[in-house]
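Structure first, then comments.
The values are calculated or read from the model by the stated rules, or taken from the named source; none is laboratory data. Only a predicted model underlies this, so the values are computations on that prediction, with no experimental measurement involved. Note that we place each Cβ from the backbone using ideal geometry, even for glycine, and neighbour counts take in every protein chain shown.
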Amino acid sequence: MYWTFQCWSAAGNFRFDFAVIQFVSDVGMYILITHLYRNFANKNRWQNLSLKKLIWRMLIVIPVMGIFYLLVTISKLYLVRLLFLSHPSQSFTEFFSINAPGILVAGIRLMAIWLLAYHLYHYAKREIRLSVENARLELSIKQSQLDNLSAQLNPHFLFNALNNIKSLLYTRPDAAGRAIDLLSELLRNGLYKGSAMLIRLNEEVDLVRDYLELECLRMEERLNYDLDIDISLSGLMVPRLCIQTLVENGVKHGIALEKHGGKIEVMIKEYDGFVNIRVLNPGKLEQDKTVAGIGLHNLKERLDLSYHHRASFSLYEMGQKVCSEIKIPIR
Amino acid sequence: MRNIRTLIIDDERGARQELRRMLKSYPQITVLGEAANADEAEQLIGLLKPELIFLDIQMPGRSGFDLLENLVHVPQVIFVTAFDSYAVQAFEVSDPS
């Protein structure tokens, strides 16, 4: 704006109505130019670029925008002159050659300031968003570790397991020994396995197997299980405890409520670029899922944060069974 | 010596077995039988009319508390549970008033 006025006072005769017209049309045009640029940047997702890549692009964009500014401004100035100034002025080429360098320099300066402010604002916004997401994810992982640990240290599970071991001691000493091994393994996993948020699929499956074997020693013929796992997926990284959470839920809210028990089925398959983890247990979905809610809610949140909403979790009835299903994209 | 006729009610076979083993040290207690859920227990209690039952609380189907509410003949009850929160509830149920 300053430059526009400069231009006119330099020309000699400053008129107020003129200045107003120039001002309004300037504002309108520059909003239009920057808005077009914004659309272009949005379309090409420049907001998501790293700072280095962005600076590189700015070196090209700033002069280009400067030239745009020049063309639009000078055409407009000339047009306004032609329309409102009574005495005829210089030809366009003459007008252009006199004013172009000054306007171009002004354009580059203005555009550089605007572009930097625009992108720095978005960059800062993105950084803040990312750090908030990371913090939430970290918290969520800690929460699930705590949940798992308290599930294993919870008096009911622990005392039941110990009580069971005691009764096995007299009847099946070998099984009692095995039960102690399994219980130690589960506790060790909860207590010492560090804070890594992802774990190899086969390690997660081992944990699930230990848990099921221990529960089998206690529930005997009431609990059966069947693991159907595509071995080629063993090395895939999955969120810690994602399958364990589902299986534990299946035992607690499915098997334990059925008089004759039933079967826990775990199926892990690759399908259409996703690894598909399904846990089936007999029973019906409880309407008031407040008990099951916490662990599953946490699992869903961890999946959303870790895979940016590309992974999914669902819980549904299928025939006489409840199916909990996780889909994780394979990178 | 007085003979106490008893029933053990627990959904886990291991737990019933262990209780039976521990009760062997008390010759005055006679274990009449075992039940693995509330329905079986209701039948057995009606049939055998025990004086005492050892009762688990969380079982598939109806819980131990549900069972007590439906009994015509109510024996003395010893609750057997790993849920600490049930302990308080057990005292409330056992209050004869």
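Pairs linking a residue in segment B:8-19 that is at the interface with chain A (Cβ under 7 Å from one of its Cβ atoms) to a residue that is among the aliphatic types (A, V, I, L, M) and not in a helix (DSSP H, G or I), with Cβ atoms under 8 Å and 6 or more positions apart or on different chains, are B:13/B:36; B:15/B:80.
Residues checked against (1) surrounded by fewer than 18 Cβ atoms within 10 Å (Cβ to Cβ); (2) modelled with pLDDT under 95; (3) within 14 Å of chain A (Cβ to nearest Cβ):
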| position | (1), (2), (3) |
| --- | --- |
| B:37 | no, yes, yes |
| B:47 | yes, yes, no |
| B:69 | yes, yes, no |
| B:77 | no, yes, no |
| B:87 | yes, yes, yes |
| B:92 | yes, yes, no |
| B:95 | yes, yes, no |
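When segment A:300-331 is filtered for residues that are at pLDDT 90 or above and either part of a helix (DSSP H, G or I) or of a type in the set (Val, Ile, Thr) (or both), the ones remaining, listed by number, are A:322, A:326, A:328. In segment A:238-272, of all residues being loosely packed, with under 15 Cβ neighbours inside 10 Å and under 26 Å from the mean Cα position of the chain (by Cα), the one that is farthest from residue B:60 (Cα to Cα) corresponds to A:272.
I need a count of the residues in segment B:49-61 that are modelled with pLDDT of 90 or more and within 14 Å of chain A (Cβ to nearest Cβ). Reasoning before the result, please.
Residues of segment B:49-61 modelled with pLDDT of 90 or more: B:49-56.
Now narrow it down to the ones that are within 14 Å of chain A (Cβ to nearest Cβ): B:54, B:56.
Result for segment B:49-61: 2.
Picking from residues in segment A:82-117 that are of a type outside the set (A, V, I, L, M) and buried (at least 16 other Cβ atoms within 10 Å of the Cβ), the one that is nearest to residue A:47 (Cα to Cα) is A:114. Regarding segment A:220-235, can at least one residue be identified that is of a type outside the set (A, V, I, L, M, F, W, C) and surrounded by 21 or more Cβ atoms within 10 Å (Cβ to Cβ)? Yes, segment A:220-235 contains a residue that is of a type outside the set (A, V, I, L, M, F, W, C) and surrounded by 21 or more Cβ atoms within 10 Å (Cβ to Cβ). Out of all the residues in segment A:16-65, which are of a type in the set (Phe, Trp, Tyr), surrounded by 15 or more Cβ atoms within 10 Å (Cβ to Cβ) and modelled with pLDDT of 85 or more? Scanning segment A:16-65 gives A:30, A:37.
Within segment B:1-20, the set of residues being of a type in the set (Lys, Arg), modelled with pLDDT of 90 or more and more than 16 Å from residue A:162 (Cα to Cα) comprises B:5, B:20.
If we scan segment A:165-178, do we find a residue that is out of contact with any Pro (no Cβ under 7 Å at 6 or more places or on another chain), away from every other protein chain (no Cβ under 14 Å) and in a helix (DSSP H, G or I)?
If we filter segment A:165-178 for residues that are out of contact with any Pro (no Cβ under 7 Å at 6 or more places or on another chain), which is where we start, we get A:165-178.
Subset that is away from every other protein chain (no Cβ under 14 Å): A:174, A:177.
Cutting the leftovers down to in a helix (DSSP H, G or I) gives us A:174, A:177.
Yes, there is a match, as at least one residue in segment A:165-178 is out of contact with any Pro (no Cβ under 7 Å at 6 or more places or on another chain), away from every other protein chain (no Cβ under 14 Å) and in a helix (DSSP H, G or I).
Of all residue pairs spaced 6 or more apart or on separate chains, those with beta-carbon atoms under 9 Å, a first member in segment A:281-302 that is surrounded by 14 or more Cβ atoms within 10 Å (Cβ to Cβ) and a second member that is of a type in the set (Lys, Arg) and modelled with pLDDT under 80 are A:296/A:289. Taking residue A:186 as the residue in question, decide whether it is more than 35 Å from the chain's Cα centre (by Cα) and either within 19 Å of residue A:251 (Cβ to Cβ) or surrounded by 15 or more Cβ atoms within 10 Å (Cβ to Cβ) (or both). Criteria not met by residue A:186.
Listed here are the strands (runs of 3 or more DSSP E) enclosed by segment A:184-299 that have at least 3 residues being within 28 Å of residue B:56 (Cβ to Cβ): A:223-229, A:262-271, A:274-282. For segment A:193-215, the condition of being at pLDDT 90 or above, closer than 28 Å to residue A:303 by Cα, within 14 Å of chain B (Cβ to nearest Cβ) and under 38 Å from the mean Cα position of the chain (by Cα) holds for at least one residue. Applying the condition of being in contact (Cβ under 8 Å) with a residue 60 or more places away in the chain and under 18 Å from residue A:221 (Cβ atoms) to segment A:231-267 and asking which residue is nearest to the other protein chains (Cβ to nearest Cβ) yields A:254. A Cβ distance below 9 Å, combined with a sequence gap of six or more or placement on separate chains, defines the contacts here; from segment A:105-133, residues that are under 20 Å from residue A:306 (Cβ atoms) reach residues that are surrounded by 11 or more Cβ atoms within 10 Å (Cβ to Cβ) in the pairs A:126/A:47; A:126/A:48; A:133/A:305.
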